[in-house]
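Everything on this sheet refers to the single structure shown next.
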Amino acid sequence: VSTILEKSRKGELVEGAAVTVHGWVRSVRKQKKIAFAQIMDGSSDQMIQLVFLDPSIALDLKTGVSVRATGKLEVTPTRQDPYEISITDPIEILGDYASPTDLYPLQKKFMTQEYLRREHPALRFRTRVNANVMRLRSVAITALSAYFLQNGFFQTQPPLITSSDCEGAGEVFTVANSSSSSSAGEHFFGQKAYLTVSTQLHLESLMMGLTRVWTLTPAFRAEESMTSRHLSEFWMLEAEVAFTKDLESVMSIVEGMIRSAVTRMKSEGVLDQILSLKRMLEKQKATAKEGEDDEEMVTADEVSERWNTLVATEQPWKRITYEQAISVLQDAVAQGKVEFQHKVEYGESLKSEHEKWLARHYAQGPVFVTNYPANMKPFYMLPGPDGTVECFDLLVPDMGELVGGSLREHDYERLRGAIAASGMDPEPLEWYLELRKWGSVPHGGFGMGFERLICYLGGVYNIREAIAFPRWIDHCAC
Ligand code: 4AD
Ligand code: MG
């Protein structure tokens, strides 16, 4: 018994074929002379309709059970779900409910994602929406990997337990073994240890040997943000390149990576799948009773526009400096085009409302904002003109920051000075400083929030739906 996807790839799903499928029953309709059941096996977004010309075969069928079924295939290519099987043999129930009186929790009625996460975290991937996001994660990793492979990068595996706080923002989780919880992990490693907030420092070390490296790892941040863009455990894609000439050489890698991965996924039909699911959800939402479905949703048209602006080749994505961004924002406010909650002022960080506005209204698409004032950014960034650093954030509409990157300070004395100036303890960074003593080279790199990319491409409104088991403050129940 193979999956639906496998069968369709092998061309086994042709009219009249005798097929066996397995999956989970999504819905059942029983009439006097005929019965129907829809099943899914998760290998694709496709549903298969089972038709029982003898309804007695379908007696034990209920939503939620897992089955193996054999019959004759009928294909109607014009239908949303083109495959139908007329069942000839007795159906095999592989798994039923825990107790005969229980009702499968994911019945037809509308459930919010928040409710699903809280009450049925283990069953989430039986829903079309959540299964689709997990498939999107998987194909996105393949597409991103392909870019790096084609461009001479090595995939590397830096550690997740570390003694340094890469971003110096004090948002690290401490690692402690249970018998030494009071001594915060010092007992086990003989020194303080944390979960990594970014693997950049170790990646720099790998880069100064391999020239071009990348990695996709979990990153952990104890930030108390409860926003739709922040998780305590998320995945970050990071890359580091040696012998860079300027910031532009790093930005063009980011742009090339995203364009190439998105173009590839589009040609594989990934966008079409997302859109067809979105359109179905839009119909459901349109017919929902009041108060029944009030979750925020990104529309199919919005998703389609996002993909199109990412792959459009006519012009490179805009690049502006932080200073220009500030005056663009101030002008927009002065001309009454927009009102912000937070004041726009040189020296203040860009808030998410500012980032979103810049991408949507100034750039009408992705925009790199470069050269932020040094005091807003971590110690490792290479100084640029007028008290700025050679860094960029890539902002995209409706989301804001998707990628952050920079050139790195490669001079030993200046890096030591920057560590001291940022008030960090240099001791845990001595190993890293050694890179600048021996054969240091100009270099740069970036980090992209993988769930933010998934939100953007998948039209996922809240980042908690872009990862299988989201963790955020006060939430780690399973
Ligand atoms: O901008 P950040 O903090 O940059 C770094 O950590 C660098 N050391 C990366 C590097 O240059 N190698 O984080 C990078 C990206 C952000 O742009 C954002 O997309 C994502 O990681 N990110 C988060 N995603 C989800 N939840 C959080 N709490 C995140 N914090 C950052
Ligand atoms: Mg950042």
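What follows is calculated from the coordinates using simple rules that are stated; it is not laboratory data. Just so it is clear, the model here is predicted, and its values are computed rather than measured. With ideal geometry, Cβ positions are generated from the backbone for all residues, glycine too; neighbour counts draw on all protein chains shown.
Once R0 is set to 51 Å, what does the formula 1/(1 + (r/R0)^6) return for the Cβ-Cβ distance between Ala169 and Glu290, expressed as a FRET efficiency to the nearest 0.05?
The pair Ala169/Glu290 has a calculated efficiency of 0.70.
Applying 1/(1 + (r/R0)^6) with R0 = 35 Å to the Cβ-Cβ distance of Ile93 and Asn151, what FRET efficiency is obtained, to the nearest 0.05?
After rounding to 0.05, the efficiency reads 0.10.
How would you rank Arg452, Arg264, going from fewest to most other Cβ atoms within 10 Å of each one's own Cβ? Display every interim value, and only then the final one.
Values: Arg452 24, Arg264 18.
By the 10 Å Cβ count, ascending: Arg264, Arg452.
Calculate one ³J(HN,Hα) per residue across region 438-453 by plugging θ = phi - 60° into the Karplus curve 6.51 cos²θ - 1.76 cosθ + 1.60, and present them in order as whole Hz with x for glycine and proline.
Each residue of region 438-453 in turn: 10, x, 5, 9, x, 7, x, x, 7, x, 10, x, 5, 5, 5, 4 Hz.
List, in order, the whole-Hz ³J(HN,Hα) value for each residue of region 402-411 obtained from phi through the Karplus relation with A = 6.51, B = -1.76, C = 1.60 and θ = phi - 60°; use x for Gly and Pro.
Coupling constants for region 402-411: 10, 9, x, x, 5, 7, 10, 5, 10, 8 Hz.
Could you give the distance between the Cα centres of region 443-478 and region 14-51, to the whole Å?
So the two Cα centres are separated by 33 Å.
At Ser138 and Asp81, where each label point lies 7 Å from the Cα along Cα→Cβ, what is the point-to-point distance in nanometres?
1.9 nm
Quick check on packing: order 467-476, 198-207, 74-83, 359-368 by the mean number of other C-beta atoms within 10 Å, highest mean leading. Walk me through the intermediate numbers first.
Working: 467-476: 14.7, 198-207: 23.2, 74-83: 12.4, 359-368: 19.8.
Result, highest mean Cβ count within 10 Å first: 198-207, 359-368, 467-476, 74-83.
Provide the three semi-axes, in whole Å and in decreasing order, of the ellipsoid equivalent to the chain as defined by the square roots of 5 times the Cα gyration tensor eigenvalues. Could the numbers behind the result be given before it?
Values: eigenvalues 444, 132, 97 Å².
Working through the eigenvalues yields semi-axes of 47, 26, 22 Å.
Going by alpha carbons, how many degrees (0 to 90, nearest 10) lie between the helix axis of 300-311 and the longest principal axis of the chain?
That helix lies at roughly 50 degrees to the long axis.
Quick check: residue separation of Met376 and Lys32 times 0.36 nm, minus the Cα distance between them. What number comes out in nm?
Numbers: separation 344, 0.36 × 344 = 123.84 nm, distance 7.03 nm.
Difference between extended and current length: 116.8 nm.
For region 345-350, in order, what is each residue's ³J(HN,Hα) by Karplus, 6.51 cos²θ - 1.76 cosθ + 1.60 with θ = phi - 60°, in whole Hz (x at glycine and Pro)?
Each residue of region 345-350 in turn: 8, 4, x, 9, 5, 6 Hz.
Taking Cα atoms, how many degrees apart are the long axis of helix 247-267 and the longest axis of the chain, rounded to 10 and kept between 0 and 90?
Once rounded, one gets 10 degrees.
Tell me which residues come under 5 Å, amide H to amide H, from Trp235 once H is placed; ignore anything under 5 positions away on its chain.
Those lying under 5 Å, H to H, from Trp235 are Ala219, Phe450, Glu451.
Quick check: Cα centre of region 324-402 to Cα centre of region 208-233, how many Å?
If you average the Cα positions of each part, the centres end up 21 Å apart.
Per DSSP H run of n ≥ 4, the term is -39500 (n - 2.57); total these for the chain, divide by its residue number, and report the mean residue ellipticity at 222 nm rounded to 500 deg cm²/dmol.
-9000 deg cm²/dmol
What residues qualify as long-range amide H neighbours of Ile85, i.e. H under 5 Å apart, gap of 5 or more or another chain, H built at 1.01 Å from N?
For Ile85, whose amide H was placed from the backbone, the distant partners under 5 Å are Gln49, Leu50, Val51, Glu74.
Express as a percent, rounded to the nearest 5, the fraction of DSSP beta bridges in the chain (both residues included) that run antiparallel. Walk me through the intermediate numbers first.
On the way: 65 of 75 bridges.
Antiparallel bridges: around 85 percent, rounded to the nearest 5.
For each of Trp235, Trp438, count neighbouring Cβ atoms within 10 Å of the residue's Cβ, then give the residues from fewest to most. Could you put the intermediate results ahead of the total?
Details: Trp235 20, Trp438 8.
Starting with the residue having the fewest Cβ neighbours, the order is Trp438, Trp235.
On each of the three principal axes of the Cα atoms of region 4-104, give max minus min coordinate, whole Å, ordered largest first.
The Cα atoms of region 4-104 stretch 41, 29, 22 Å along the principal axes, largest first.
Between helix 200-210 and the chain, what is the angle of the helix's C-alpha long axis to the longest principal axis, kept within 0 to 90° and rounded to the nearest 10?
Around 80 degrees separate the two axes.
Sequence-distant or interchain residues sharing an amide H contact under 5 Å with Thr199, placed H: which?
Answer set, sorted by chain and number: none.
Taking other Cβ within 10 Å of each residue's Cβ, how do Trp317, Trp431 sort, fewest first?
With the sparsest Cβ surroundings first, the list reads Trp431, Trp317.
Would you mind calculating the relative contact order of the chain from Cα pairs under 8 angstrom and at least 6 residues apart, reporting the percent as a whole number?
Answer for the chain is 13 percent.
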